[in-house]
Structures are given as C-alpha cells and as structure tokens.
Amino acid sequence: MLLDGKTVLVTGASAGIGRATAIGAARQGADVAINYLGDPSGALSAVAEIEALGRRAIAIAGDVADEAVAKDFIARATQALGKLDVLVSNAGICPFHSFLDMPAELFERTMRVNLHGAFYMTQAAANQMVAQGHGGAIVAISSISALVGGEFQSHYTPTKAGVHSLMQSAAIALGRHGIRCNSIMPGCVETDINREDLSDPQKRSYMTHRIPLARLGAPEDMVGPILFLSSDLAAYVTGAALLVDGGLFVNLQ
Ligand code: RM4
C-alpha cells in the first residue's frame, strides 16, 4: 500500500483526474478529503466509493480561485482526518477560445482558477505541513501545455506553465521542511474540460494520431504517476515534472 496511513487532499475531485486520484489514493490506504465546486453528486459518490474501501473521506465545496477557500479546505480537512500528508492540486478549467477576441473576464477566470488556486492551496497546505513538523508531498497537475502552445488555449497554457514553475519555487522554499513539490504533465486526457473540444471528430482523430501509444489518455492513466510522486517511493524527487502523455510531446514525425 503506497499511502498506508496517509491523508490525501485533492482539489477539483468531483470528476476526471481529481476524482480518479482520490479513489486511487484510498485504494493505496489513504484517507481522503475532496474539494469540489458546483454539483456535489460526483464528490459524494467518490466519498461513498472511498468509504466502501474502508477509508475515511470528506467532501468540502469551495471555489479554489478564492484565497479563503484554500485556508478553509485545509483547516476543515485536517480537522476531519487528523493531519495532512499530501496535497494534489488538480482543480482547473480550459474554456477553449480564440486569442484575438478573448474576453478579459475569461482570461482572468482561467488564471484565477488554474494558477491563483494552485498557489493558494499550495501555500495553505505547506503552512499546515510545516506546523505539523513531519514533511509532506505536494503534487500539482500542470500539463503538456506548460511546454507547448494551443491556438485556442492562450489563456490556459500560461497557467499550466505557471503551475509547474510554482512547484519548482515551492520545492526550494519547502525542502528544508521535508516537503516535496512536483508536477504531473498530462497530455490529451479526456475529461469534462475538453469533452466538447474532443467531440469534433477531426480534432479527436488528429490528437489520437499524434500519440505514439495510439489512444487518448484516461483519468485513470494519471493516477499511478500522481501516487508515485505522492509516496515515499519518490523520497528524493522534488522540483521535478513527469510527462504522462502517451508520447504526444516528443512526436514531431
Ligand atoms: C491539455 C492539452 C489537451 C487539452 C486539455 C484541455 O493541456 O492541451 O490537448 O484537451 O489540456
């Protein structure tokens, strides 16, 4: 059991990569706290699945773009589960939009959810870990889009580059406290944030044919790498990034 006796907090965990990670962490022995926004059904069903595995779980609503939400989530989750060992900062949006006519409010919202939210959650979790005095692990879901662009993602790709850079700087600031900070860089993984985009047969075919493993990613494909970086198997890994993209990034021709 990779995470036996650990507590794992996951943001944006009512669906997709976050939900798969929360359940995967429970399968590896962790108690789990789930942050979500909006419809509670996905979060509550994840809690039920985790409890059926014999682990404790709590779902707490909150918009990660709001700094107060991070402090509230970390405090309530830690109180409910007794401690904080791992934060997986996953919450993110990608409302595809052309660049020249992108509304400022769409740019701002994407920045505040993806980058500000990751910063606030990382800072709040780190302060709790430092107060506990026994280290911890922070895994941020960056993206292949930290490394390359997207015509309809000019608001989104800078946030993912920023999330990775945040992990690099936090790794330096927190290493002395035994807290490791690393990024996961998913490729094209089908979730709620890109389901509409991938409903275009031409886009879906283009992306799939660019991937050497010949299939789009699934949220479950991200769980192993995330839990590895969360676990003591990665005891000497910090400030690093792990591409989990089926080979998409390297495939020029
Ligand atoms: C990823 C990558 C994928 C896209 C998602 C939303 O970083 O760009 O192709 O579907 O974001």
Flag if THR122 is under 24 Å from ASN35 (Cα atoms), more than 16 Å from the ligand (Cβ to nearest atom) and under 13 Å from the mean Cα position of the chain (by Cα): yes
Out of curiosity, is TYR206 among the aromatic types (Phe, Trp, Tyr), within 15 Å of the ligand (Cβ to nearest atom) and surrounded by fewer than 21 Cβ atoms within 10 Å (Cβ to Cβ)? yes
Lone unmet requirement of (1) part of a helix (DSSP H, G or I); (2) crowded, with 24+ Cβ neighbours inside 10 Å for GLY92: (1)
Show the residue pairs that are 6+ apart or on different chains and have beta-carbon atoms under 6 Å apart, the first residue being within region 179-199 and closer than 24 Å to ALA124 by Cβ, the second being near the ligand (Cβ under 7 Å from one of its atoms) and modelled with pLDDT of 95 or more. MET185/SER143; MET185/ILE144; PRO186/SER143; ILE193/CYS94
Just checking, which of MET222, MET167 is more than 10 Å from the ligand (Cβ to nearest atom), under 21 Å from ALA20 (Cβ atoms) and in contact with a Cys (Cβ under 9 Å, 6 or more places away or on another chain)? MET167
Does ILE50 meet the test of being in a helix (DSSP H, G or I), in contact with a helix residue (DSSP H, G or I) (Cβ under 6 Å, 6 or more places away or on another chain) and over 23 Å from GLN123 (Cβ atoms)? yes
Being in contact (Cβ under 8 Å) with a residue 40 or more places away in the chain and either under 18 Å from PRO219 (Cα atoms) or over 17 Å from the mean Cα position of the chain (by Cα) (or both) is the requirement here; does ARG19 meet it? yes
Here are the criteria: (1) touching a residue at least 40 places away in the same chain (Cβ under 8 Å); (2) closer than 27 Å to ARG210 by Cβ; (3) not in a helix (DSSP H, G or I). Tell me which single one ILE138 does not satisfy. (2)
Cβ-Cβ distance below 6 Å, separation of 6 or more or different chains: which pairs start in region 200-213 with a residue that is under 15 Å from GLY247 (Cβ atoms) and touching a residue at least 12 places away in the same chain (Cβ under 8 Å) and end on one that is polar (S, T, N, Q) and loosely packed, with under 15 Cβ neighbours inside 10 Å? ARG210/ASN251; PRO212/ASN251
From the list GLY12, GLY42, GLY5, which residue is surrounded by fewer than 24 Cβ atoms within 10 Å (Cβ to Cβ), part of a loop (DSSP other than H, G, I, E, B) and of a type in the set (Gly, Ala, Ser)? GLY5
Select from region 236-253 the residues that are more than 16 Å from ILE141 (Cα to Cα), among the hydrophobic types (A, V, I, L, M, F, W, C) and either without any contact (Cβ under 8 Å) to a residue 40 or more places away in the chain or not in a loop (DSSP other than H, G, I, E, B) (or both) and list them in ascending order. VAL250, LEU252
Testing ARG215 on (1) loosely packed, with under 14 Cβ neighbours inside 10 Å; (2) more than 16 Å from the ligand (Cβ to nearest atom), one condition comes back false. Which one is that? (2)
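The values are calculated or read from the model by the stated rules, or taken from the named source; none is laboratory data. Given the structure is predicted, the values throughout are model-derived calculations rather than measurements. Backbone-built Cβ (ideal geometry, glycine too); neighbour counts: all protein chains shown.
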